[in-house]
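In what follows, a structure is listed as structure tokens, so that the remarks can point back to it.
The values are calculated or read from the model by the stated rules, or taken from the named source; none is laboratory data. Predicted model only: the values in this text are computed from it and were never measured. Here Cβ is always computed from backbone atoms with ideal geometry, including for glycine, and neighbour counts include all displayed protein chains. SASA here: full protein model, heavy atoms, side chains in, ligands and nucleic acids out. Shrake-Rupley method; radii C 1.70, N 1.55, O 1.52, S 1.80 Å.
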Amino acid sequence: MTCDAWSVVVVPFPFSESAEAKQRPAVVLSTRTFNRSGLSILAMITSARHSRIAGDIPIKGGTAGLSKDCVIRMKLFTLDNRLIERKIGELAESAGNS
């Protein structure tokens, strides 16, 4: 699946202690032009409220297909587009710039 920048998608996140993966949301940072290469650059989305770190960008629940308050965490990764399960929403390009 090829997405636009700011798309919120569901992707498999691996567990460090096992070969299993859990479906988690992420935001696409790279442009559609880049993503047409077959890869996308994404950032992690987490609801971890008790472990805020510098650079976290808050997202209100009900935004972009997310059911609860979350943060975009600058844990960046490159993923093969074939591993993107589905698109659940889209963030405004100015999210977090207020």
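Pop a pseudo-label 7 angstrom from the Cα along the beta-carbon direction at both residue 34 and residue 60 and give the gap in nm to one decimal.
Going by the 7 Å Cα→Cβ label model, 2.9 nm.
Taking a label point 7 Å from the Cα of residue 76 along the Cα→Cβ vector, which residues of region 41-66 have an amide N closer than 19 Å to it?
41-46, 53-58
Tabulate in residue order the Karplus-calculated ³J(HN,Hα) for region 61-78, using 6.51 cos²θ - 1.76 cosθ + 1.60 with θ = phi - 60°, rounded to whole Hz; enter x for Gly and Pro.
These are the phi-based 3J(HN,Hα) values: x, x, 9, 6, x, 8, 7, 9, 4, 9, 9, 7, 10, 6, 9, 8, 8, 9 Hz.
How long is the gain from residue 50 to residue 20 if the chain were fully straight, where each residue apart is worth 0.36 nm and the alpha carbon distance is subtracted? Intermediate values should be presented prior to the final figure.
On the way: separation 30, 0.36 × 30 = 10.80 nm, distance 2.46 nm.
My answer for the length gained is 8.3 nm.
All other residues with a Cβ under 15 Å from the Cβ of residue 81 taken together, and with Lys, Arg as +1 and Asp, Glu as -1, what is their net charge?
Result for the neighbourhood of residue 81: +2.
Between residue 67 and residue 6, take the C-beta separation as r, use R0 = 22 Å, and let me know the FRET efficiency to the nearest 0.05.
So, using R0 = 22 Å, E works out to roughly 0.75.
Within the chain, what whole-number % of the accessible surface is contributed by carbon and sulfur, with the 1.4 Å probe and all protein chains included in the calculation?
Carbon-and-sulfur percentage of accessible area, whole number: 53.
Taking loop as defined by DSSP and a crowding limit of 13 other beta carbons within 10 Å, which trypsin sites (Lys or Arg not before Pro) in region 1-94 fit?
Taking region 1-94 and a limit of 13 other Cβ atoms within 10 Å, the loop trypsin sites (Lys or Arg not before Pro) found are 36, 49, 52, 60, 68.
Leaving out same-chain residues fewer than 8 places away, which aspartates and glutamates sit with a Cα under 12 Å from that of residue 75?
56
Which semi-axis lengths, in whole Å and largest first, follow from the square roots of five times the eigenvalues of the Cα gyration tensor of the chain?
One finds semi-axes of 20, 18, 12 Å for the chain.
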